[in-house]
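Undergrad: First, the structure itself, so that you have it in front of you.
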Amino acid sequence: MENTIHEGVDGRRYLVIHGDIFDLVVQKRALARHLGDKAYDFAIQMNRVVNAFRRWFGVPYWSLSQWAKLKVKNAVNYNRRLRTDAGRRGPASRRRRRDLRPQSITP
């Protein structure tokens, strides 16, 4: 189901859609979408295995998917900061640094 209409108790109608329609990777990158889907399925299976062992040893539940999501989010933010800083230090910044270098005086 792509989307549906939900009618509230008060009679108002709401359009309910899946958030993937706003995700450019899901919409435009078939290979990334496929790999992400397989990685998600693998993570779910591994989460079950890891938590079965954790239960066996009396250790509380731990979410592999939440841990992975945090790692990916940190990597994306790092990459975004790196690109932003590189943009700030682009050609104009190099020109400014060059202008600050000591100039040789020619007679």
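Yes/no matrix, rows are residues, columns are (1) assigned to a loop (DSSP other than H, G, I, E, B); (2) modelled with pLDDT of 85 or more; (3) polar (S, T, N, Q); (4) not assigned by TED's automatic domain parsing to the domain that holds residue 2:
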{"site": "20", "(1), (2), (3), (4)": "no, no, no, no"}
{"site": "38", "(1), (2), (3), (4)": "no, yes, no, no"}
{"site": "47", "(1), (2), (3), (4)": "no, yes, yes, no"}
{"site": "53", "(1), (2), (3), (4)": "no, yes, no, no"}
{"site": "67", "(1), (2), (3), (4)": "no, yes, no, yes"}
{"site": "77", "(1), (2), (3), (4)": "no, yes, yes, yes"}
{"site": "87", "(1), (2), (3), (4)": "no, no, no, yes"}
{"site": "94", "(1), (2), (3), (4)": "no, no, no, yes"}
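Undergrad: Residues of the range 41-67 being surrounded by fewer than 12 Cβ atoms within 10 Å (Cβ to Cβ) and of a type in the set (Ser, Thr, Tyr), which ones?
TA: Once the filter is applied, which keeps residues that are surrounded by fewer than 12 Cβ atoms within 10 Å (Cβ to Cβ) and of a type in the set (Ser, Thr, Tyr), the range 41-67 yields only 61.
The values are calculated or read from the model by the stated rules, or taken from the named source; none is laboratory data. Since the structure is predicted, the reported quantities are computational estimates derived from the model, not experimental observations. Cβ: placed from backbone, ideal geometry, glycine included. Neighbour counts: every protein chain shown.
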